[in-house]
Amino acid sequence: MYTIMGVTGQVGRAIAEQLLSEGQEVRAVVRDEEKANVWKERGAQIVIADYRDPEALQSAFAGVDGVFVMNPPVFYPEEGFPETKEVVKAIRIALEAAAPKKFVALSSVGAHHSHGLGIIHSLHILEQELKQLSIPSAFLRAAWFMENSLWDIEPAKSNGQIPNYLSPLDRKIPMISTADIGKIAAGTLLQTWAGTRFLELQGPEGYCPNDIASMMSKLINRNVEAIQIPRSEWADSFIQQGGIAGRVSGRLEMIDGFNSGWIDFEQQGTEIVTGSVTLEEALKKML
């Protein structure tokens, strides 16, 4: 039996589906009971738990062979990441009390740094808190999600342009699909090891904004161009997307970190794991 957090999101869902497809028993942790039915129908055991409630999480983590944990993304956090700290503390207390055989945690490329990460700092907090545990652990430092391109589809179709924050437009960075993350995470949960591992997850090759535009052109059969959003316009752009005024600095710093090359894999004392899903395959699924 494997407990999976985040089954209503992309990564958690991919992990649970992969394990179920291999005949493994899954205990799905959901915060909203209305979203539990689909997993009941798939044969998963359901636990309703608030991620900030260590006692509820302890019940979800108890008596299983492994646990997948994650803290929900907060794109516009309060100063000091109080939301993240509350969830991560609850997860740590629950893991320590339930003592599963191992756990796998979703982290991010760059999370080994203590500064200059923007909103990715939440995953640095997670690593620092959970690596204190004596339970065998594996932190998955995933590269830029290919699924971030989901937001490029509408502008590509409507006006043949993909507005971009990444710069320069021809600079390739590691990217990976959530399907690959799910497959790798599920495979890791089925392994046996001792101590703490850091797995740095990437797709079969790096991609740049121009690559995304070129592939989109091919798939939707119209010319698509990547265009650069000036740095001075980023904050207003995020606010127009629903961002909270006064809390967009974390996203700004994160993009600056990618553009400068600061946010990258550590590549020392880590395991580099390469997925198989190409950008074309990921975009086809999104389309």
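The values are calculated or read from the model by the stated rules, or taken from the named source; none is laboratory data. This one's a predicted model, so the numbers in the text were calculated from it and none came from an experiment. Reconstructed Cβ throughout: ideal geometry from the backbone, glycine too, with neighbour counts over all protein chains shown. To get the accessible areas, we keep the full protein, side chains included, count just its heavy atoms, and leave off ligands, DNA and RNA. Shrake-Rupley method; radii C 1.70, N 1.55, O 1.52, S 1.80 Å.
Observations, loosely collected:
- Residues of the range 102-118 satisfying the condition of being touching a Ser or Thr at 6+ places or on another chain (Cβ under 8 Å) and not hydrophobic (A, V, I, L, M, F, W, C): 102, 118
For every residue, the table says whether it meets (1) among the small types (Gly, Ala, Ser); (2) surrounded by fewer than 18 Cβ atoms within 10 Å (Cβ to Cβ); (3) within 30 Å of residue 271 (Cα to Cα); (4) touching a Leu at 6+ places or on another chain (Cβ under 6 Å).
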site: 160; (1), (2), (3), (4): yes, yes, no, no
site: 173; (1), (2), (3), (4): no, no, yes, no
site: 212; (1), (2), (3), (4): no, no, yes, no
site: 227; (1), (2), (3), (4): no, yes, no, no
site: 238; (1), (2), (3), (4): no, no, no, no
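- Looking across the range 259-287 at every residue that is farther than 17 Å from residue 147 by Cα and in a helix (DSSP H, G or I), the one that is most open to solvent (accessible area, probe 1.4 Å) is identified as 260.
- Scanning the range 81-91 for residues that are under 19 Å from residue 59 (Cβ atoms), open to solvent by 50 Å² or more (accessible area, probe 1.4 Å) and either in contact (Cβ under 8 Å) with a residue 40 or more places away in the chain or in contact with a Ser or Thr (Cβ under 8 Å, 6 or more places away or on another chain) (or both) yields one hit, 89.
- A single entry from 194, 186 fulfils the requirement of being closer than 23 Å to residue 69 by Cβ and either within 16 Å of the chain's Cα centre (by Cα) or aromatic (Phe, Trp, Tyr) (or both): 186.
- The test for being free of Cβ contacts under 8 Å to residues at least 60 places away in the same chain, out of contact with any Cys (no Cβ under 6 Å at 6 or more places or on another chain) and open to solvent by less than 20 Å² (accessible area, probe 1.4 Å) does not hold for residue 104.
- Residue 242 meets each of the listed conditions (1) of a type in the set (Gly, Ala, Ser); (2) part of a helix (DSSP H, G or I); (3) free of Cβ contacts under 8 Å to residues at least 60 places away in the same chain apart from (2).
- Options 272, 263, 229; residue that is among the aliphatic types (A, V, I, L, M), over 24 Å from residue 181 (Cβ atoms), in contact (Cβ under 8 Å) with a residue 60 or more places away in the chain and touching a strand residue (DSSP E or B) at 6+ places or on another chain (Cβ under 9 Å): 229
- Breaking point among (1) in contact (Cβ under 8 Å) with a residue 12 or more places away in the chain; (2) of a type in the set (Asp, Glu); (3) open to solvent by less than 60 Å² (accessible area, probe 1.4 Å), for residue 78: (3)
- Checking each residue in the range 1-58 for being crowded, with 16+ Cβ neighbours inside 10 Å, touching a strand residue (DSSP E or B) at 6+ places or on another chain (Cβ under 7 Å) and part of a helix (DSSP H, G or I) picks out 11, 12, 15, 16, 19, 20, 39.
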